[in-house]
1. Exactly which trypsin sites (Lys or Arg not before Pro) in region 233-285 are in a DSSP loop and have at most 10 other Cβ atoms within 10 Å?
2. State the extension gain, in nm to one decimal, for the chain segment bounded by residue 39 and residue 231, taking 0.36 nm per residue of separation less the distance between their alpha-carbons.
3. Quick one: accessible surface of residue 43, probe radius 1.4 Å, all protein chains present, in square angstrom to the nearest 10.
4. Assuming R0 = 41 Å, can you tell me the calculated FRET efficiency for the pair residue 264 and residue 164, based on Cβ-Cβ distance, to the nearest 0.05?
5. In terms of the ratio Rg/(2.2 N^0.38 Å) built on C-alpha atoms, what value belongs to region 240-306?
6. What FRET efficiency do you get for residue 457 and residue 289 if R0 is 35 Å and r is their Cβ-Cβ distance, rounded to the nearest 0.05?
7. Just to make sure I understand: if all protein chains stay in place, what is the order of 41, 248 by accessible area at 1.4 Å, largest first?
8. Could you list, in their original order, any pairs among 116/318; 318/423; 244/423 whose Cα atoms are separated by more than 30 Å?
Amino acid sequence: PRATVDAGDVTRSAASANMRPSGDGAEQRMLWMGNIQAHWTNEFVKSLFLVGGLEGVGGVEVAIRRNAFRVSPDTPSVGFALVTFATREAASEALARLHDTPVPGAEGHARFLLRKHAATLQTTAETTTETERDGVSLQSQLAPLDVGEVRRRLELFDAPSDPEREREVRASGGNGALRLWLLRRLCAAHGEVSRTDARTAAIPGEPSSTDVVRDGPRRVVPRVFTRADPSTTTRALPPDAVSKCLHTLRTTEWPRVSDRVAVDADGYISLSSLPNANARRRRRNAKYRNVWVAARDLLASVAGEEAASQFDGLAVTKNVRGSPHIDALDVAAQFAASLGTFSNSAAPSFDGAEDEPKKVTQNEKNTPPETRPRVGGFLCVESGPSEVVCVDTRDAVVAIDGRFVHWVDPKYEGERFSLVWYKRTTDPSAGEPPARAVHERWWDAAYWRDREARGDAPSWVHTGTRAAEKNQHTRSNAV
């Protein structure tokens, strides 16, 4: 059930931010052109499309990308270009007339290598599903998964991928198109088939309701959302500790530029106590020292001094919404909490900060879409291939593993601050396996002593057990 992502995915996501077509249907008028030589300019490439009486090329735009690749081991590195035409018809005509023909004026035996622009996760903004989960589409929930995990789930759901089809998609649109194709196939296995609209380029082998399980028995696997029981997942924060921390967060001068641009939030502060910090990190730590101290005291008020002395990373956000992601650099579980006057936008608003959110029973489960429990502002964590648990963290602390896909349900109104205490130390002894999405009863020493005795991995978030071990060690030394 664990979601994974490699550093390459993170890099590609950031690097491609400036390569995304505009949302005006430009991808339908765009061709991808390979074999771009190092000395070719935008004007030279543009001139190549002014031959043969092509219609509508007067408005052609060219953007050359220099992140080079090799056509074969014995050829020099080349780049690629994104060529946008005035009309979709002009792009189609250029593809039909010029593909695999000699490039005029080029050295050697260069030939046009053209293909239609293919949609990827970075270029499509569609929400695709008949029923979205509170503003976060199913595709967005699954997007942080790596390709290996997507394939594993397709196997698990009796809808395995077709290697031949994968090769076709990769040849047509590259790895980005393949990843999107697999995600749409997984969405279809959950019973929600993508609707490619006029703004989204078609992908070869686009899944349909019958295509998904063409080679196996049809089995739709629903996504099940469970509203967590607060008595076994969270511990309430003392009101005075909440007030002190809120005062600090409300009076803080938040950075103009977010520390994590992929997260949709009005503000994002990332702090770390790891050694060998660079100059920028040291300045950031010094500027927001009061935020670190306030967050540390808040955690200590409910988890104890032992836990509050162990985290080495802190993330604080203001009004974060949606943004499914995983914390790939974490080495262990994490604590999370939310503060503020926010309330579910689909429910009657609370008049003041002192009002308590609705409590739920342990057995309250997710129901059909029209009667799903209202969880605006809740922390949603994927606990299995088809299960999501929604945790009310308002004025309370939960222990989760950030290496599982998680997000904040965006349907809330008002002020919401998030605090996440995590570990990214390079000390091998501090690493923990990602065994579970939510660490229930993390404060209960007897509960986790019994679990760990039966083989469960220990964790720094099992504060009761760790504190008891430390006290026992202290008494032994004293004796």
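1. 256
2. Gain on stretching residue 39 to residue 231: 62.6 nm.
3. 130 Å²
4. 0.60
5. For region 240-306, the normalised Cα radius of gyration comes out at 1.20.
6. Efficiency computed from Cβ-Cβ geometry: 0.55.
7. Final ranking, largest accessible area leading: 41, 248.
8. 116/318
The values are calculated or read from the model by the stated rules, or taken from the named source; none is laboratory data. What you see is a predicted model; the values in this text were computed from it and never measured. Cβ atoms come from the backbone with ideal geometry, glycine included; neighbour counts cover every protein chain shown. Surface areas here come from the heavy atoms of the whole protein model, side chains and all, with no ligands, DNA or RNA. Shrake-Rupley method; radii C 1.70, N 1.55, O 1.52, S 1.80 Å.
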